[in-house]
Structures are given as structure tokens and as C-alpha cells.
Amino acid sequence: DLLNEKEENTFDLVGSVFGVTDKKSLVMGNKISQGDIIIGLESNGLHSNGYSLARKVLLPKYKLKNSHKFLERSIGEELLKPTRIYVKPILEILKKLDSIHGLAHITGGSFAKLSRLNNKIDYNLDNLPQHENIFSLIQQAGKISHREMYSTFNMGIGFCIIVSKPGLDNVEKILEKNKVKYHQIGHITKGNGVVSVTREGRKYVLTD
């Protein structure tokens, strides 16, 4: 839903894409197990999610053409960055490796949506990289808690790959060959679907 975003004499253009694949090649998350590594691929901005909250906190205080000390470009230009697409490296990884246990776009719901892959283990995100400054500006402008930020925005990670430890090196080689910036952002432990983020010694549980 586009909350309060449609104006007079405008329209909303929506597209959908469908595909067909071999059922045996699907990565459903059922193989995720304790000890697996979570790799995060860097985002380059909001990636089309969290805009309702971003608009709510930014637009009353700033104009889109305004610059800010946090940013290298105007606020409007920062918000309009095209979403980074990961199709090429992910397809290569799936074609060449059988050690991939989970895949997830970090979009609506942010990291909390990882629990949809498999709710019989816990996702511990304890090594997230420094996020882009636009997220700091949004958090400051809206006085938003860390928990809400990590439950709403991608916070610098646009895609997650969950891989077994033995397969980690091969995944990293493919990402490096494709010049994809990535980080080992966490690991899997036994549990019941809890997703948590640890930053600066504090742990934030994102799932209820």
C-alpha cells in the first residue's frame, strides 16, 4: 500500500514477474542448521522499503533538494537510489554449489523476515557492517529505536545467504569474482525462530 503517497492526477504503476524452475533446485530453508554462516551482501540505500516511515520523519523537517552533513548528495537523490540487484552472483552460486541452505532479500520486515525461512533455529546477527548515513539521518530525525530501525530498514544489507561452513570459501570466491561487497554478519544456533541483532554490546530481539 502507498500510504499518503498518491496525489491528484497521478497513478501507481505495478509490475509482477513469475517464473518456472525445477522443484529440486528450490532453496526452501529446511536445511538450515546450527553452525551455518550468514553472509550479508551490501545494499546501497533503502532498496524501496521503509519509505512510509522515512517520509513521515524526513519530510516535515527537510526538503528533498536539501543537502545534509550526513550525506554526499541531496536527500531526494539519496532516497531515489536504484535498488541493487543480486541476480548474477546468486544464480552462479546456485548453479555451482550445493552448500546453500537459505536465501533472503532483506526487504519489508527487514531481518525479522529471516525467521520465515526456518523457525526451528535462531539467527544471530552479531557482525553487521556500518550502515549508510541515510539510515542515521532517518533514525535521528524520527528518534527511532535501534530495534525498530533493524525491523524496518535493511541497514546496509540487501540480501542474505545462509551457507554451511564447508561451503563458505566457495561462496566468497564467487562473490569476489562478481565484485560484490559482502560480510559474514552472523551465524545459526539451535532455537525457535528468534532473530537478534547485537550492536555495541547490546542485543535487540527482532521477532516476537
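Tabulated data for the structure shown
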{"quantity": "Residue that is modelled with the lowest pLDDT, among those in the stretch 1-53 that are in contact with a helix residue (DSSP H, G or I) (Cβ under 9 Å, 6 or more places away or on another chain) and charged (D, E, K, R)", "calculated": "D1"}
{"quantity": "Conditions (1) without any contact (Cβ under 8 Å) to a residue 60 or more places away in the chain; (2) under 11 Å from I39 (Cα atoms); number of the one not met by K81", "calculated": "(2)"}
{"quantity": "Cβ pairs under 7 Å, 6+ apart, first in the stretch 40-52 and at positive phi and part of a loop (DSSP other than H, G, I, E, B), second hydrophobic (A, V, I, L, M, F, W, C) and buried (at least 21 other Cβ atoms within 10 Å of the Cβ)", "calculated": "G45/I134; G50/F153"}
{"quantity": "Residue in the stretch 93-102 that is surrounded by fewer than 21 Cβ atoms within 10 Å (Cβ to Cβ), of a type in the set (S, T, Y) and either touching a residue at least 60 places away in the same chain (Cβ under 8 Å) or under 15 Å from L206 (Cβ atoms) (or both) present", "calculated": "yes"}
{"quantity": "Single residue of K69, K88, K120, K113 found to be basic (K, R), surrounded by fewer than 17 Cβ atoms within 10 Å (Cβ to Cβ) and modelled with pLDDT under 95", "calculated": "K69"}
{"quantity": "Filter result (of a type outside the set (A, V, I, L, M, F, W, C) and surrounded by fewer than 16 Cβ atoms within 10 Å (Cβ to Cβ)) within the stretch 72-82", "calculated": "E72, R73, G76, E77, P82"}
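The values are calculated or read from the model by the stated rules, or taken from the named source; none is laboratory data. These figures come from a predicted structure and were not determined experimentally. Don't worry about glycine lacking a Cβ; one is built from the backbone with ideal geometry, like all the others, and counts go over all protein chains shown.
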